[in-house]
Amino acid sequence: EDQSHLAFLSTQFHPHSQHNGFVSLLMLWVFLLVQSLRSSFLFYLPPLFCYETFRQEEEAKIKAQGQVVSSDVYFMKQTIGNACGTIGLIHAVANNQRHLEFEPNSPLQAFLLQSAKMSPEDKAAFLEKDESIRVTHESSAQEGQTEAPSLDEKVDLHFIAFVNVEGHLYELDGRKPFPVVHGETTEDTFLEDSAEVCKKFMARDPQELRFTVVALSKA
């Protein structure tokens, strides 16, 4: 599994911001025992036969019914191929900056500050042109002995970020046109509430076992 995203992220913060990789959501309830995960996590979504149909139906339903999204939610579109992990990390970090302390001259912090007021589409375009993020990411990938796939290479994996913003649980997926609100949450119930959403993804393909989360939490 590609660890370059974790390596990239670890260069942006002081050591007391801890990042934990968890493998296999087969025993999802085990995560309910980990009480420190109150910030955000990335959900690895393998290719599901029914997912595109569900995504289109969900989008139509939200557009018809509407939803209230806080203006404080940082959300961007994904326009770069094979960049779902990077987009997921940006979503996770951007919506938890109050919990994090960046290293001096952090390219990621600079990117977030400059793009904060941009539209999701403009954020994506800005990322495409941001050389500092690209160089830092590629350097981390080399340190982790990870060869990043080319933009033309077909990659099935996809990462979705779950974050708690102002007491609401948001699903942030750069392939979708907007954040998805999954109701209220708290720091104490964030993990459990997120796990319930993840279980719904898993239930759509009970035979699929390749589900994973990468959790971002305070040490």
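Laboratory data are not the source of any read-out in this text; all were calculated from the coordinates shown. The structure presented is a predicted model; accordingly, all values stated were derived computationally and were not measured. Here the Cβ is made from the backbone with ideal geometry for all residues, glycine too, and neighbour counts use every protein chain on show.
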Exercise. Glu58: net charge of surrounding residues, Cβ under 13 Å, Lys/Arg +1, Asp/Glu -1, itself excluded?
Worked result: +2
For this session: For Arg204 paired with Arg175, estimate the spin-label separation in nm (one decimal), with each label point 7 Å from Cα along the Cα-to-Cβ line.
Result: 0.9 nm
Exercise. Given the Cα-Cα distance of Thr79 and Glu184 and 0.36 nm per residue of separation, how much length would full extension add, in nm?
Worked result: 34.8 nm
Seminar exercise, completed: The long-range amide H neighbours of Val213, using H built 1.01 Å from N in the peptide plane and a cut-off of under 5 Å, are Phe22, Ser24, Tyr44
For this session: Compute the distance in nm between two label points, each set 7 Å from the Cα along the Cα-to-Cβ direction, one at Glu59 and one at Glu166.
Result: 2.5 nm
